[in-house]
Amino acid sequence: MTLPPGVPPPALLEDAVLGANQAFYEAFNARDAAAMEALWSQEGPVACIHPGWNPMTSREEIVAAWSAILSNPEAPEITCEDPEVMLHGEVAFVICHERVGGALLACTNAFRLEDGVWRMVLHQAGPVGEEPTQRAPVATRSRRIH
């Protein structure tokens, strides 16, 4: 497959999405509300669903919730494990596991390409009842959905 001029190969796009995903966890663990706010899309619909919370669908509500969480000194660190990127044009999903304190969560982080930067449009996490099974190495799985 030949890519049109100026279109980066999927591997570079996936690396950029993984970088945006990592920035999300770094902002959380650094308790950096400004960095967290900067990660979220300013151009389109957004949603955030924390375990046990009702869905939030306005940027203002989401930013306020993250600010409250990050200002809480009792908030645990989060570790992202086994992230997998799924590209669909200018939208990408990262499916992963999160370790939050002693809990294991399944998570979807979605990003949208805005002015050359991947911005978060969705964060949703929920509890998992058991440890994940061993998945095939990333190189042997299909990661591109479009």
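Nothing in this text is a laboratory measurement; each read-out follows from the coordinates by a stated rule. On a predicted model such as this, the values are computed, not experimentally measured, just so you know. Note: ideal-geometry Cβ built from the backbone for every residue, glycine included; neighbour counts use all protein chains shown.
Give me the distance between the Cα centres of the range 18-55 and the range 60-96, rounded to whole Å.
Measuring centre to centre over Cα atoms gives 4 Å.
Let's test the formula: R0 of 35 Å, r as the Cβ-Cβ distance of E61 and Q22. What FRET efficiency results, to the nearest 0.05? List each step's numbers first, then the result.
Values: r = 25 Å, r/R0 = 0.70.
E between E61 and Q22, to the nearest 0.05, is 0.90.
In what sequence do L18, L12 fall when counting other Cβ within 10 Å, fewest first? All intermediate terms of the calculation are to be shown ahead of the outcome.
Details: L18 18, L12 10.
Ranking L18, L12 by Cβ neighbours within 10 Å, fewest first, gives L12, L18.
Just want the ordering: S71, S41, from fewest to most Cβ atoms lying within 10 Å of their own Cβ. Working shown, then result.
Values: S71 10, S41 20.
Ranking S71, S41 by Cβ neighbours within 10 Å, fewest first, gives S71, S41.
Please identify every one of the chymotrypsin sites (Phe, Trp or Tyr not before Pro) in the range 41-126 that sits in a loop by DSSP and has no more than 15 other beta carbons within 10 Å of its own beta carbon.
Here the sparse-neighbourhood loop sites are W53.
From the mean inverse distance of alpha carbon pairs (Kirkwood) and the Cα radius of gyration, derive Rg over Rh for the range 10-129. Please list the in-between numbers first.
Working: Rg = 13.4 Å, Rh = 14.4 Å.
On the Cα set of the range 10-129, Rg over Rh gives 0.93.
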